[in-house]
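Engineer: There's a structure below that I have some questions on.
The values are calculated or read from the model by the stated rules, or taken from the named source; none is laboratory data. Computed from a prediction, not measured in an experiment: that's the story for all the values here. Positions of Cβ are generated from backbone atoms using ideal geometry, with glycine treated the same way; all protein chains shown enter the neighbour counts.
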Ligand code: NDP
């Protein structure tokens, strides 16, 4: 027994003599050759593989099972045409997709995105990231993502309903409470989840937790709408605490003005921080001394009925709108919380943030910083939390919604918020455990990737080649 234990510990910690060391650069080159024109997917895979290369190579049994290919390539991808009728009776066609990436540690789980930019590369990157993020939450959830190039902007309520129904008429056979549990993402909120869940329920003839982010009256969880933004703030608090800092009095630049951005702003303001920017795809509104509660409440309402950020100065002339610009070069801040979309902070934005004195970046969006930006943050040794750790509160609370649904009961807001707090604290601890470098700097990218990887990899090993 002692011998086995010693052998196991040795395997975990010592580089093994192994002829076939995994080289991240070679794996990426191979994936680029086999799956060309998928830049977001290549980018996400590269970031993870670079972080886990040495852990992988210290455990040669992974390579014996060619784990790396099986982890990088999704289990399966569904692609389908979605035909629907607009209000004028015209037939419209969009593409629909579901990427089921990995279910080694639980049913496939991940949001659905409706946005004109959606394509297979973006969904493969999101599903890949989701696998590691879900692993970090410690809940039993695999990784998936889906969506359509349908844009809800400018569509009537009935058009959105007809689209959601047509989308689910294709997808319903592939999802279910123990198979694959979708949720919201960009362009998909409680209304869209309601329409999709309703149609799923009709086709499957069952009332189960097949979706999360549902309305409170039919199985939704309290705090789920707030969870991604609130969770990001809790993660930020843990990061700041490592340097004896707090949110109070800090200037925080937030991008986006959707679910994640607005609840991030709400919590930052509650914690005594000053949110100095919000944006949408049209441009950015800057509040040099922080939005007041009145201004924030107005923006929250404006956005809830599809208003645009350019309308904000019409009500508050003291706030300036910058057409077509992102927040990062417009205002100095202590903390940046990108909460809109992928690759929204590039190298020059990162440079501007650092020059302006920004010492913490906590990502609400998925992969909002380009690789160049990430390198600049890490080289500058600022506190930098990648989305897969910092925004995991959303899917974690979805996991809590699944638990409530299967028990057919509802927890109070306080109970869910406390669990969310605990989960974010635990994710932070895992990142520190695996990401602390010799000089004490915590590389949260490495910490999150290694911690997420080990759990999924070990489960895959135990389950054999599938
Ligand atoms: P929403 O649709 O509610 O809001 C998205 C916001 O980002 C909108 O203000 C939108 O502006 C803006 N935006 C979208 N695309 C672009 C673009 N290409 N350029 C500039 N701005 C853009 O989405 P969420 O708030 O739910 O999601 C935001 C991010 O957070 C995404 O990366 C998502 O994957 C991630 N995330 C979301 C979770 C959730 O629980 N909702 C969980 C974890 C991560 P406009 O209205 O003009 O399009």
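Engineer: When the stretch 358-398 is examined, which residues are found to be assigned to a helix (DSSP H, G or I) and surrounded by fewer than 24 Cβ atoms within 10 Å (Cβ to Cβ)?
Structural biologist: The answer is 371, 372, 374, 375, 376, 378, 379.
Engineer: So which of 76, 98 ends up being more than 16 Å from the ligand (Cβ to nearest atom) and either closer than 15 Å to residue 182 by Cβ or touching a strand residue (DSSP E or B) at 6+ places or on another chain (Cβ under 7 Å) (or both)?
Structural biologist: The unique qualifying residue is 76.
Engineer: Can you name every residue in the stretch 386-415 that is within 13 Å of the ligand (Cβ to nearest atom) and either at pLDDT below 95 or more than 17 Å from residue 183 (Cβ to Cβ) (or both)?
Structural biologist: 386, 389, 390, listed by residue number.
Engineer: Here's something else I'd like to know. Can you confirm whether residue 167 is within 16 Å of the ligand (Cβ to nearest atom), outside any loop (DSSP other than H, G, I, E, B), touching a residue at least 60 places away in the same chain (Cβ under 8 Å) and farther than 26 Å from residue 391 by Cα?
Structural biologist: no
Engineer: Oh, and also: Does residue 413 satisfy the condition of being surrounded by fewer than 20 Cβ atoms within 10 Å (Cβ to Cβ) and under 18 Å from residue 190 (Cβ atoms)? Please lay out each step first, then the result.
Structural biologist: Values: surrounded by fewer than 20 Cβ atoms within 10 Å (Cβ to Cβ): yes; under 18 Å from residue 190 (Cβ atoms): yes.
When the stated conditions are applied, residue 413 passes them.
Engineer: Something else: State which residue is surrounded by the fewest Cβ atoms within 10 Å (Cβ to Cβ) when the search covers only the stretch 120-140 and only residues that are within 13 Å of the ligand (Cβ to nearest atom) and over 16 Å from residue 73 (Cβ atoms).
Structural biologist: Only one residue fits best here, namely 136.
Engineer: Another question about this same structure. I'm checking my understanding of the structure. Among residues of the stretch 143-164 that are farther than 20 Å from residue 40 by Cβ and part of a loop (DSSP other than H, G, I, E, B), which one is nearest to the ligand (Cβ to nearest atom)? Break it down into steps so the answer makes sense when it comes.
Structural biologist: Taking the stretch 143-164 first, the residues farther than 20 Å from residue 40 by Cβ are 152-164.
From what is left, the residues that are part of a loop (DSSP other than H, G, I, E, B) are 152-156.
Details: 152: 9, 153: 7, 154: 11, 155: 13, 156: 17 Å.
Looking at residues that are farther than 20 Å from residue 40 by Cβ and part of a loop (DSSP other than H, G, I, E, B), I get 153.
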